[in-house]
1. Among the residues of the range A:42-94, what is the count of those that are farther than 30 Å from B:Lys106 by Cβ and in contact (Cβ under 8 Å) with a residue 60 or more places away in the chain?
2. Only one of (1) assigned to a loop (DSSP other than H, G, I, E, B); (2) within 27 Å of A:Gly51 (Cβ to Cβ); (3) out of contact with any Gly (no Cβ under 7 Å at 6 or more places or on another chain) fails for B:Gly53. Which number is that?
3. Tell me whether the range A:62-84 contains one or more residues that are assigned to a helix (DSSP H, G or I) and either more than 14 Å from every other protein chain (Cβ to nearest Cβ) or of a type in the set (S, T, N, Q) (or both).
4. Test of understanding: among B:Thr108, B:Thr77, which residue is at pLDDT 90 or above, within 25 Å of A:Arg110 (Cα to Cα) and in contact with a Ser or Thr (Cβ under 6 Å, 6 or more places away or on another chain)?
5. Within the group A:Gly96, A:Gly42, A:Gly106, A:Gly51, which residue is within 14 Å of chain B (Cβ to nearest Cβ), more than 26 Å from B:Gly104 (Cβ to Cβ) and among the small types (Gly, Ala, Ser)?
6. Pairs, please: C-beta under 6 Å, at least 6 apart or cross-chain, first residue without any contact (Cβ under 8 Å) to a residue 60 or more places away in the chain and in the range A:11-34, second not in a loop (DSSP other than H, G, I, E, B)?
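The values are calculated or read from the model by the stated rules, or taken from the named source; none is laboratory data. Just so we're clear, the structure is a prediction, and the values are computed from it rather than from any experiment. Using ideal geometry, Cβ is built from the backbone for each residue, glycine included, and neighbour counts are taken over all protein chains shown.
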Amino acid sequence: NAGVTQTPKFRILKIGQSMTLQCTQDMNHNYMYWYRQDPGMGLKLIYYSVGAGITDKGEVPNGYNVSRSTTEDFPLRLELAAPSQTSVYFCASSYGQGLGNEQFFGPGTRLTVL
Amino acid sequence: EDKVVQSPLSLVVHEGDTVTLNCSYEVTNFRSLLWYKQEKKAPTFLFMLTSSGIEKKSGRLSSILDKKELFSILNITATQTGDSAVYLCAVENGGSEKLVFGKGTKLTVNP
């Protein structure tokens, strides 16, 4: 099992550009999450999904969009990149309710918006 | 609003020391508390605690939860330089299915 994979590892964007951060998991987890982590801060939840076709906002959803067309994939879309979106982005997955909620994390994407 | 507070925010010790990291929380519908270790990249899972007073142990690391006082501690004995990392505490809200993370404790172990 590869676990949770994310691409790209690094990206530099100009203000106003758009991009999609990819996330795939091969553990057949129902739940998937996107977090951002700013320096010296914990993880803040952007969006999450409890299953294919279902997504919901987390703590800091503004400026982002997600979709969940399959169990495996949970891409995160930035439409108009802003410097405030410079951060490290982590995707995670878990079995979800009733089976504990240990989240397995991907390696992260470091995004810089200039 | 759910909240997780970790202390201290940073800690510098020498190899062989014992450290205690603290995590206090306020959450509606508590389900579990999790500890993660984050080195350069993604957080890796250490422990999940759901019941009060039961110690989870893995080698030199151990953790315990006090649901009455709403806190947990993570102990590391005989620290090694490889223990240097940020340790994250997270609490699961059983109603929302979400984890709320603290800011983490940055541990530096010097040789």
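1. 2
2. Tallying (1) assigned to a loop (DSSP other than H, G, I, E, B); (2) within 27 Å of A:Gly51 (Cβ to Cβ); (3) out of contact with any Gly (no Cβ under 7 Å at 6 or more places or on another chain), B:Gly53 fails exactly one: (2).
3. So in the range A:62-84, the residues assigned to a helix (DSSP H, G or I) come out as A:83-84.
Now drop any that are not either more than 14 Å from every other protein chain (Cβ to nearest Cβ) or of a type in the set (S, T, N, Q) (or both), which leaves A:83-84.
Yes: the range A:62-84 contains one or more residues that are assigned to a helix (DSSP H, G or I) and either more than 14 Å from every other protein chain (Cβ to nearest Cβ) or of a type in the set (S, T, N, Q) (or both).
4. Values: B:Thr77 fails: within 25 Å of A:Arg110 (Cα to Cα).
Going through B:Thr108, B:Thr77 in turn, the sole match is B:Thr108.
5. Working: A:Gly96 fails: more than 26 Å from B:Gly104 (Cβ to Cβ); A:Gly42 fails: more than 26 Å from B:Gly104 (Cβ to Cβ); A:Gly106 fails: more than 26 Å from B:Gly104 (Cβ to Cβ).
Answer to the check: A:Gly51.
6. Final answer for the pair search is A:Thr20/A:Arg77; A:Gln22/A:Thr7; A:Thr24/A:Thr5; A:Thr24/A:Asp73; A:Trp34/A:Ile46; A:Trp34/A:Tyr47; A:Trp34/A:Leu76; A:Trp34/A:Cys91.
Here's the yes/no breakdown for (1) over 30 Å from A:Cys91 (Cβ atoms); (2) under 10 Å from the mean Cα position of the chain (by Cα):
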residue	(1), (2)
B:Val13	yes, no
B:Glu26	no, no
B:Phe30	no, no
B:Lys56	no, no
B:Glu69	yes, no
B:Ala78	yes, no
B:Thr81	no, no
B:Ala90	no, yes
B:Leu99	no, no
